[in-house]
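Notes for the one structure printed next.
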Amino acid sequence: MGKILVTGGTGFIGSHTVVELHNSGYEVVLVDDFSNSNPKILTQLEQITGKKPVFFELDLCDERKVKEFVQSQPDISGVIHFAAFKAVGESVREPLKYYRNNFYSLINLINAFDSSVNLVFSSSCTVYGQPDHLPVTEAAPVKKAESPYGNTKQIAEEILQETCAVTPSLKVTSLRYFNPVGAHHSALIGELPIGVPQNLVPFITQSAIGKRGAIVVHGNDYRTPDGSAIRDYIHVVDLAKAHVAAIKRMEEHQAANYEVFNLGTGKGSSVLEIIHAFEESTGEKLNYTIGPRREGDIEQVWGDVTKSAELLGWKAELDIKEMMLSAWNWEKYLQKNPF
Ligand code: WQD
């Protein structure tokens, strides 16, 4: 069982994956540049795991520094690559920032390992756009991305697939996340949106705690049962466990050179259903209004997760109630312990 490098290891999904790697007996090295996370997460991780994280601050866009770092860590056998910019709206305003960061970091990483490593890549269901058929399977066509962020995920998958095809020493598993929400049951780590949350659940918890005003439901005129958009929300801890399963599969030489998996629950929930689920789970009353559709949003998506169950031996176990309760407990923790 080799040492695993987690890039973006103090981020939302990265930090939860560090915990699950620890729980599965892996030795972990974290790198981050804190461009979208907080150093305090390192202390939180130590509280949860009982071990001080092995951490290096590193700008993955600096080719020389990445090479030097990797050469200093000869016993790394696998990499889980989370480090990337991921704000859809910001990517539309600053496309070059997204293309530079998300591609330089990925290519520098692969080059630093001389293309000889097991790599888990953090991708997104956003590559499907609005699927023609639901639930969407991994075989569904990738559609023209609605944003530079989504485009970086699509192109990164192509870079990885084409490189793996001619590089037997490079194994890659791309994990297409649906909508990650919730927090670790300890409420010591969770989502840390910078500024006004763009994503639904962190906006809900900040509205409930009084940091934000009423929630605006972006459209209720979609062709869905209650008119609001549908997504496949998955607990971040379930998502983290899937990364461990993916690394394990590659380490046990079960994986093909390039594989893709959907990481969702296989169930869709509408915005209004999430709002009501939050209220029922927490007993908190939410204020919300109906607003216009949000530019770039798709109407509905949820994943077919058969392949992940069969080949990763993984399926999501935590339900919407646990997602809402854990997200709320984290928001309450932040209120008492501001980062
Ligand atoms: C979910 C639904 C909104 C806020 C994006 C990226 C995806 C991933 C997750 C990075 C939509 C509605 C939201 C609000 C609302 N990003 N909404 N009021 O857009 O499905 O996915 O974030 O990893 O790759 O594409 O997630 O949480 O922003 O929106 O009505 O205040 O909630 O319109 O229908 P999305 P989201």
* Among the residues of the range 130-178, which ones are of a type in the set (A, V, I, L, M) and open to solvent by 20 Å² or more (accessible area, probe 1.4 Å)? -> LEU134, ALA139, ALA140, VAL142, ILE155, ILE159, ALA165, VAL166
* **Selected residue (criterion: nearest to ILE320 (Cα to Cα)) from residues of the range 158-183 that are among the β-branched types (Val, Ile, Thr) and out of contact with any Cys (no Cβ under 9 Å at 6 or more places or on another chain)** => VAL181
* Asked: Of all residues in the range 56-83, how many are among the hydroxyl-bearing types (Ser, Thr, Tyr) and either part of a strand (DSSP E or B) or within 20 Å of HIS16 (Cα to Cα) (or both)?
  -> 1
* Which residue pairs have Cβ atoms under 7 Å apart, sit 6 or more places apart or on different chains, and have a first residue in the range 197-219 that is over 13 Å from ALA229 (Cα atoms) and in contact (Cβ under 8 Å) with a residue 24 or more places away in the chain and a second that is near the ligand (Cβ under 7 Å from one of its atoms) and open to solvent by less than 50 Å² (accessible area, probe 1.4 Å)? -> ILE204/ILE215; SER207/ILE215; ILE215/PHE203
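Of the residues LEU311, LEU325, LEU286, which single one is at pLDDT 95 or above, open to solvent by 70 Å² or more (accessible area, probe 1.4 Å) and of a type in the set (A, V, I, L, M, F, W, C)?
On the way: LEU325 fails: open to solvent by 70 Å² or more (accessible area, probe 1.4 Å); LEU286 fails: open to solvent by 70 Å² or more (accessible area, probe 1.4 Å).
When all the criteria are applied, what remains is LEU311.
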* So which residues in the range 62-110 are open to solvent by 70 Å² or more (accessible area, probe 1.4 Å), over 27 Å from ALA240 (Cβ atoms) and not charged (D, E, K, R)? -> GLN71, VAL92, LEU96
* What are the residues in the range 295-318 that are touching a residue at least 24 places away in the same chain (Cβ under 8 Å), more than 30 Å from ALA256 (Cα to Cα) and touching a helix residue (DSSP H, G or I) at 6+ places or on another chain (Cβ under 9 Å), if any? -> GLY296, ILE298
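The values are calculated or read from the model by the stated rules, or taken from the named source; none is laboratory data. Remember, predicted model here, so these are calculated numbers, not experimental data. Don't worry about glycine lacking a Cβ; one is built from the backbone with ideal geometry, like all the others, and counts go over all protein chains shown. When the accessible area is computed, the model is the full protein with side chains, heavy atoms only, and any ligands, DNA or RNA have been set aside. Shrake-Rupley method; radii C 1.70, N 1.55, O 1.52, S 1.80 Å.
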